[in-house]
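Step one of this worksheet: look at the structure below.
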Amino acid sequence: MFDILERFCLDGKAVSCKPYGSGHINRTHLVTTERGHAYILQKINDDVFQDVSALMHNISSVTRHLRAAGLDERHVLTLVPADDGAEYIFFDNGETEKAGYYRVYEFISDGLSLDHPENEWVFRQSALAFGRFQMQLKDFPAATLAQTIPKFHDTIDRYRLLRRAIDADALGRAAGVAREIDFALERERYAGCMLRMLECGELPLRVTHNDTKLNNVVFDAATREPLCVVDLDTVMPGLSGNDFGDSIRFGASGGAEDERDLDKIGLCLPLFRAYANGFLSACGEALTPAEIETLPLAALLMTLECGVRFLTDYLEGDAYFRIHRPEHNLDRARTQFKLVADLERKRDAMQSIIREEAKCVRRKG
């Protein structure tokens, strides 16, 4: 990887380059130079992000906007230029494994990422981070951003792809997951709810992160306060509820995204309240009443959509999400569907919490 790093304007010669993080899509390395400066090197997955130029334009535009608002390099991702001034490179030295698109970010010092909330306070801090991210970009023209993954949160289209995978049954896996398929198809009625509201003008289009897992927030290692929202590959036009809902799906479920012991999976209402409080405290005054009212529905939809995506990938041979064991994507799908069932049972409780927290924001305002 050192020949790749020579193409970027680093502070000194790179002396260490080690795999870093737990992302499913891109390949990430932590780099250290002879002067002790740390960077993040990423190989962009151009099978997933097929228009790398548009992807990098989105990231550059958004990070410039955030820096213009006064955020420093610990609070917004900072791209390191290549030797020709570009923000990414294409590298090909004849080795198939290494050929591809690369970018480098400044490493955020004294920070850490968490795969699971240590407590309600930490989960609320992540909500503040994503809520502030939306608030800081509320005046950014969302329509100027490219769709880095077309139809990414188009739940109707996710169901179309699931049905296509079921019909093709390329690996003969469908019969073994009939229960999961039935569960998903019985809930297809949810698929277009929020998309139809967007089309009718009941919900506004916003700049959204679209992958608001807890580990996409960097926290201060000492204080656990949020520093920076990272992994901006899916920043594009979307619905505020999608960001809220994906955080609930990932962080308030009682277990890991790929937990095989389904008895551990279920919505933790105290964590839901903590997140709702933080998110609405940060951006509630910028959200419309309809956006706030649909947050519980968004949590249900994002969880269902993710389960459908995992199940589709399993049926198609695990081509999208990186797996670390046989049936890994099936385990992920089952976890999401177990959470969906619990979200359905607790939907009234979620709605009450959202209304209570929204009232608190209005009183403070």
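The values are calculated or read from the model by the stated rules, or taken from the named source; none is laboratory data. All values derive from a computational prediction rather than experimental measurement. Because the Cβ atoms are built from the backbone with ideal geometry, glycine has one as well, and the counts that use them run over all protein chains shown. Areas reflect the complete protein model, heavy atoms only, side chains present, ligands, DNA and RNA absent. Shrake-Rupley method; radii C 1.70, N 1.55, O 1.52, S 1.80 Å.
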Using only DSSP helix segments of four residues or longer, with each worth -39500 (n - 2.57), what per-residue ellipticity at 222 nm results for the chain after dividing by its residue count and rounding to 500?
-14000 deg cm²/dmol
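What does the highest-first list of 86-98, 159-171 look like by mean Cβ count within 10 Å? Kindly include the intermediate steps, with their values, before the conclusion.
Values: 86-98: 12.2, 159-171: 15.2.
Ranked by mean Cβ neighbours within 10 Å, highest first: 159-171, 86-98.
Sorted by mean Cβ packing within 10 Å, highest first, what order do the peptides 217-224, 126-133 take?
Values: 217-224: 16.8, 126-133: 25.1.
Highest-to-lowest ranking by the protection proxy: 126-133, 217-224.
Consider all pairwise Cα distances in the stretch 126-178 and report the whole-number % of them above 17 Å. Walk me through the numbers on the way to the answer.
On the way: 868 of 1378 pairs.
Roughly 63 percent, rounded to a whole number.
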Amide proton proximity set for VAL80, modelled H, under 5 Å, gap of 5+
VAL104, TYR105, GLU106
For the chain, return all DSSP H helices satisfying: extent of Cα atoms along own axis at least 18 Å; mean Kyte-Doolittle hydropathy at least 0.5.
269-283, 295-316
Taking K and R as +1 and D and E as -1, what net charge do the other residues with C-beta under 12 Å from the C-beta of ALA221 add up to?
-1
Please give, to one decimal in nm, the separation of the simple spin-label points placed at LYS98 and THR223, each 7 Å out from Cα toward the Cβ.
4.2
Count of lysine pairs in the chain with Cα separation under 24 Å (8 or more residues apart, or interchain):
20
Which one, (i) 23.1, 75; (ii) 20.5, 62; (iii) 20.4, 67, gives Rg and Dmax of the Cα atoms in Å as derived from the coordinates shown?
(ii)
From phi via Karplus (6.51, -1.76, 1.60), per-residue ³J(HN,Hα) for the stretch 137-142 in Hz, x at Gly/Pro
10, 5, 9, 6, x, 4
For the chain, what's the relative contact order in percent, using C-alpha pairs closer than 8 Å and at least 6 residues apart?
18
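Given 0.36 nm per residue, what is the gain on full extension from ALA86 to LEU269 after removing their alpha carbon distance, in nm? Working shown, then result.
Values: separation 183, 0.36 × 183 = 65.88 nm, distance 4.61 nm.
Going from the current span to full extension adds 61.3 nm.
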Can you give the accessible area of ILE40, probe radius 1.4 Å, in Å² rounded to 10?
20
For the stretch 1-159, with the dipole built from +1 on Lys and Arg beta-carbon atoms and -1 on Asp and Glu ones, taken about the Cα centre, which of GLY94, SER61, VAL104 lies farthest toward the positive end?
SER61
